[in-house]
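The next block holds one structure in the form of structure tokens; read it before the comments.
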Amino acid sequence: MDRRNVLVSGGTRGVGLAVARKLAADGYRVFALGRKESDDLARAIAEFDAGVMNFLPFDLSNVDGIPELVRELKAEHGPLYGLVNNAALGTEGLLSNMHNSDIQRLVTLNTVSPIVLTKYAVRSMMTACAGRIVNISSIIGFTGYSGLSVYGATKASMLGFTRSLAREVGRMGVTVNAVAPGIMETEMTASMSGDQRAKIAGRAALKRLVDVEDVAAAVAFLMSDAARNITGSTMTVDAGNTA
């Protein structure tokens, strides 16, 4: 089976791991990028034939190393068909109290790194006149949330990036879309109490939180041929929280 190559940043846990596993099951060759291989990722890799799901070690805070990362990946495995920009920090804090270094880390990892990674990944897609880019944003990028102003700013930036890049590369057969999840049960929300989760779920039309598998299914659709005429769009997956 000739599998298309897809790179999933932050693919070692949470949403990224769910996306990586779903895409591998759908017939893609997946490279899950992260700083360290998690036990959950190792178990997921073992579920598939050798070479279907792979760990790609890299720290995206090393922005200068991204060009070489993409060059080496292409030289060893061939060009990328898809890119899922999922890696992100969810650091909380009131802006007035947040250390400047924390602000810089958030903006670098959540905005600068995915833009630079996309710059180098999209070139082979443009050459092939085919490709898929999916940016993982958040409903906080357009609703706001107290204590997450910097995080919200970075997620809003990915929505504007999605729309503009879609116009740049669309004529070369590359689609660019975003998925905006609602609050999920992930490490980013581990600090929330049960009452806080229940309150958030109570505001949703479906009265529940989102599962990471729901987000993975949305990404898989946008990566598929069925979504060939969808670009520059944002798919909201929030159980009706923003309905």
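The values are calculated or read from the model by the stated rules, or taken from the named source; none is laboratory data. Source: prediction; values computed, not measured. Every residue, glycine as well, gets a Cβ built from its backbone with ideal geometry; the counts of neighbours run over all protein chains shown. Quick note on the areas: whole protein, heavy atoms, side chains included, nothing else; ligands and nucleic acids left out. Shrake-Rupley method; radii C 1.70, N 1.55, O 1.52, S 1.80 Å.
Laid out as a table, the results:
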quantity: Probe 1.4 Å, accessible area per residue of region 40-154, Å²; calculated: 48
quantity: Distance from region 2-22 to region 67-93 (C-alpha centre basis), Å; calculated: 10
quantity: Rounded, prolate or oblate (a/c below 1.5 giving rounded, otherwise prolate when a/b exceeds b/c) for region 1-133 by Cα gyration tensor; calculated: oblate
quantity: Relative contact order [Cα under 8 Å, 6+ residues apart], the chain, whole percent; calculated: 19
quantity: CD proxy at 222 nm, helix term only [per DSSP H run n ≥ 4: -39500 (n - 2.57); per residue of the chain; nearest 500]; calculated: -13000 deg cm²/dmol
quantity: For region 1-106: relative contact order, % (alpha-carbon pairs under 8 angstrom, 6 or more apart); calculated: 31
quantity: Whether region 55-95 is rounded, prolate or oblate, judged on the alpha carbon gyration tensor where a/c under 1.5 counts as rounded; calculated: prolate
quantity: Solvent accessible area, Å² - PHE161, 1.4 Å probe, full protein context; calculated: 40
quantity: Cα centre as origin, Lys/Arg/Asp/Glu Cβ charges: the chain dipole, Debye; calculated: 660
quantity: Förster-model FRET efficiency, 22 Å R0, MET98 and LYS199, C-beta, rounded to 0.05; calculated: 0.35
quantity: Cα-based reach from LYS199 at 17 Å (exclusive), listing aspartates and glutamates while leaving out same-chain residues under 8 positions away; calculated: GLU185, ASP211, ASP238
quantity: Spin-label zone in region 55-74 - amide nitrogen under 12 Å from a point set 7 Å from the Cα of ALA128 along the C-beta vector; calculated: 74
quantity: Reach of LYS22 by Cα under 26 Å, taken over lysines that are not fewer than 8 positions away in the same chain; calculated: LYS36, LYS74, LYS119, LYS155, LYS207
quantity: From phi via Karplus (6.51, -1.76, 1.60), per-residue ³J(HN,Hα) for region 108-113 in Hz, x at Gly/Pro; calculated: 5, 6, 8, 10, 5, 4
quantity: Fraction of accessible area attributable to carbon and sulfur, the chain (%, probe 1.4 Å); calculated: 50
quantity: Listed values (i) 0.92; (ii) 0.95; (iii) 1.08, entry calculated as Rg/Rh (Cα atoms, Kirkwood Rh); calculated: (ii)
quantity: Prolate/oblate/rounded label for region 6-80 (Cα gyration tensor, a/c 1.5); calculated: oblate
quantity: Translational diffusion coefficient (Stokes-Einstein; Kirkwood radius from C-alpha pairs) of region 114-200 at 4 °C, 1.567 mPa s, in µm²/s; calculated: 89
